[in-house]
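Engineer: Submitted below is the structure of interest, expressed as structure tokens.
The values are calculated or read from the model by the stated rules, or taken from the named source; none is laboratory data. As the structure is a prediction and not an experimental result, all values here were calculated from the model. When we count neighbours, we look across all protein chains shown, and the Cβ atoms used for this are built from the backbone with ideal geometry, even at glycine. Areas reflect the complete protein model, heavy atoms only, side chains present, ligands, DNA and RNA absent. Shrake-Rupley method; radii C 1.70, N 1.55, O 1.52, S 1.80 Å.
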Amino acid sequence: MMSHSCEVSKGYWSIQPIGYITSPYKQKFGVARQPGLVPAALAYIDLSKEFTTDCVRGLEDYEYIWVQFIFHATVKEGWQPLIRPPKLGGKEKKGVFATRSPHRPNHLGLSLVKLERIECNKHVRIHISGVDFLDQTPVIDIKPYIPFVEAKPHARCGFAREHEQLRVYWSPEALQQVRLFSLDTKHYDLINQSLAHDPRPAHQSKSNKIFVVNLFDWDVLFRVIDNIVEITGIREHVET
């Protein structure tokens, strides 16, 4: 009698990036904690040359896309079976598969972002918004979002709850630097929306110290007092 069991290969699979993301987030600190929280966070995906316009034919008919990627900045840090989610104030541990932590066994991420437009010139460039990607993130796949299949608005969501945004206040010095550096509305909106979600580590949420977040080519200095983010200054970012 023929056996219906089959032996599954337990080897390794090689995954190559299909492109890379250019994002305003230049360091891990300050990156939006979830996609869609910062609509002003604009980015684009440059596909590798072998992925021509044929590969994205019809994609422009969708409003949102799934982007699968690699948490490249945390690969060297390894993974952890238990995570302290920021939403729980860093005080309670959850299993890695119950979180969206980048410290995962295979360091794979999945984000739902808005598709703005697609350019097809020398190579394919996909413009997206509401991103939570670090600059130069490797992309491994792109899929269209299908709302009538994938949207489950009444599903339980565990400890993940929408939190109240902080108010953002610009000091006179910071506003003067905005004018000095000729920063436009896209910079202003990105800074406001990013800091309103309080990027500080959970263990420093009670601190009034000055923090620095690198957005585009600029360092934004800020502190949080009560529920107000005060932007104290802006300076050109210098690599150290």
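Engineer: Pull out the extension gain between Val168 and Glu92, defined as 0.36 nm times the separation in residues minus the alpha carbon to alpha carbon distance; nm, one decimal.
Structural biologist: Numbers: separation 76, 0.36 × 76 = 27.36 nm, distance 2.85 nm.
So the extension gain works out to 24.5 nm.
Engineer: Okay, next question. Two decimals is fine: what's Rg over Rh for region 109-203, C-alpha atoms, Kirkwood radius as Rh?
Structural biologist: Details: Rg = 17.9 Å, Rh = 17.4 Å.
In region 109-203, Rg relative to Rh is 1.03.
Engineer: Determine the share of the chain's accessible area contributed by carbon and sulfur atoms, expressed in whole percent, with a 1.4 angstrom probe.
Structural biologist: Solvent-exposed carbon and sulfur of the chain make up 53 percent of the total.
Engineer: Which angle between 0 and 90 degrees, to the nearest 10, do you get for helix 185-196 versus the longest principal axis of the chain when only C-alpha atoms count?
Structural biologist: Roughly 80 degrees, rounded to the nearest 10.
Engineer: Ignoring ligands, DNA and RNA, what accessible area per residue does the chain give at 1.4 Å, in Å²? Please list the in-between numbers first.
Structural biologist: Working: 15650 Å² over 240 residues.
For the chain, the solvent-accessible area averages 65 Å² per residue.
Engineer: Using unit Cβ charges (K, R positive; D, E negative) and no other charged atoms, how large, in debye to the nearest 20, is the dipole of region 139-240 about its Cα centre?
Structural biologist: Working: 12 positive and 14 negative charges, 81 e Å.
The calculated dipole for region 139-240 is roughly 380 debye.
Engineer: Please work out the Kirkwood hydrodynamic radius for the chain, using every pair of different C-alpha atoms, and report it in angstroms with one decimal place. If you can, show how the numbers build up before the last one.
Structural biologist: On the way: mean 1/r = 0.0501 Å⁻¹.
Kirkwood radius, the chain: 20.0 Å.
Engineer: Take the Cβ-Cβ distance between Lys28 and Thr232 as r, set R0 to 30 Å, and report the resulting FRET efficiency rounded to the nearest 0.05.
Structural biologist: 0.90
Engineer: Build a GNM of the chain with springs between Cα atoms under 10 Å: which of Ser101, Ser194, Ser14 gets the top mean-square fluctuation?
Structural biologist: Result: Ser14 has the largest fluctuation of those listed.
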